[in-house]
1. Give THR75, THR36, THR67, THR40 a once-over and let me know the one that is surrounded by fewer than 12 Cβ atoms within 10 Å (Cβ to Cβ), of a type outside the set (A, V, I, L, M, F, W, C) and within 18 Å of MET10 (Cβ to Cβ).
2. So, in the range 1-40, how many residues would count as being part of a helix (DSSP H, G or I), aliphatic (A, V, I, L, M) and under 16 Å from GLY51 (Cβ atoms)?
3. For VAL46, indicate whether it is touching a helix residue (DSSP H, G or I) at 6+ places or on another chain (Cβ under 9 Å), loosely packed, with under 12 Cβ neighbours inside 10 Å and either part of a helix (DSSP H, G or I) or in contact (Cβ under 8 Å) with a residue 40 or more places away in the chain (or both).
4. Considering the range 5-42 alone, what residues qualify as being over 20 Å from GLY64 (Cα atoms) and in contact with a Gly (Cβ under 8 Å, 6 or more places away or on another chain)?
5. Might you let me know whether the range 2-16 holds any residue that is over 30 Å from THR75 (Cβ atoms), in contact with a helix residue (DSSP H, G or I) (Cβ under 7 Å, 6 or more places away or on another chain) and surrounded by 13 or more Cβ atoms within 10 Å (Cβ to Cβ)?
6. Given (1) within 12 Å of the chain's Cα centre (by Cα); (2) surrounded by 10 or more Cβ atoms within 10 Å (Cβ to Cβ), where does LEU60 come up short, assuming only one miss?
7. Could you tell me whether any residue of the range 49-56 is assigned to a helix (DSSP H, G or I), closer than 29 Å to LEU69 by Cβ, among the hydrophobic types (A, V, I, L, M, F, W, C) and touching a helix residue (DSSP H, G or I) at 6+ places or on another chain (Cβ under 7 Å)?
8. Would you please list the contacts, defined by Cβ atoms under 7 Å and residues six or more apart or on different chains, that run from a residue in the range 51-80 that is closer than 20 Å to TYR20 by Cβ to a residue that is among the small types (Gly, Ala, Ser) and surrounded by 11 or more Cβ atoms within 10 Å (Cβ to Cβ)?
Amino acid sequence: MMREVVFGLMAIILLGYLLYFITPMMVTMKDFSIQTVNMTDPTIEVYFEMGDGMYAILGLVGFGVITFLIFAYATRQEPI
C-alpha cells in the first residue's frame, strides 16, 4: 500500500510541476520562436494550429493520468 501512496504523490507532484513550470515555459518559447516561422505557407499554418492545441490539452492529459492512477489503486483487489 505504501508503494501506491508514494506513486500517487509523485504523480501529483509531477503534474503540478508540468502545469506550473514546464507548460508556461514551452508557451513562452513558442511565442518567441513564431517570429521566425513563415505563416503564409498553408501547411505550416495548419501544423502550427495543431501544435498550439497541444498546450491547451496538456493539463487535461495529466489530470486523466492522475485520475486513472487513483481509480486503479482504489479498485484493486488484493487477496486476503
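1. Values: THR75 fails: within 18 Å of MET10 (Cβ to Cβ); THR36 fails: within 18 Å of MET10 (Cβ to Cβ); THR40 fails: within 18 Å of MET10 (Cβ to Cβ).
The unique qualifying residue is THR67.
2. 6
3. Answer is no for this residue.
4. Answer for the range 5-42, where residues must be over 20 Å from GLY64 (Cα atoms) and in contact with a Gly (Cβ under 8 Å, 6 or more places away or on another chain): just LYS30.
5. Pass one, the range 2-16, residues over 30 Å from THR75 (Cβ atoms): none.
No, every residue in the range 2-16 fails to be over 30 Å from THR75 (Cβ atoms), in contact with a helix residue (DSSP H, G or I) (Cβ under 7 Å, 6 or more places away or on another chain) and surrounded by 13 or more Cβ atoms within 10 Å (Cβ to Cβ).
6. All conditions are met except number (2).
7. First, pick out the residues of the range 49-56 that are assigned to a helix (DSSP H, G or I): 49-56.
When the remaining residues are screened for being closer than 29 Å to LEU69 by Cβ, the result is 50-56.
Still in the list and also among the hydrophobic types (A, V, I, L, M, F, W, C): 50, 54, 56.
Those still in the list that are touching a helix residue (DSSP H, G or I) at 6+ places or on another chain (Cβ under 7 Å) too: none.
Checked against the condition, which is being assigned to a helix (DSSP H, G or I), closer than 29 Å to LEU69 by Cβ, among the hydrophobic types (A, V, I, L, M, F, W, C) and touching a helix residue (DSSP H, G or I) at 6+ places or on another chain (Cβ under 7 Å), the range 49-56 yields no hits at all.
8. Going by the 7 Å Cβ cut-off, the qualifying pairs are VAL65/ALA11; ILE66/ALA11; LEU69/GLY8; LEU69/ALA11.
Each reported figure results from applying straightforward, stated rules to the coordinates on display, with no laboratory input. Nothing here was measured: the structure is a model prediction, and the numbers come from that model. Here the Cβ is made from the backbone with ideal geometry for all residues, glycine too, and neighbour counts use every protein chain on show.
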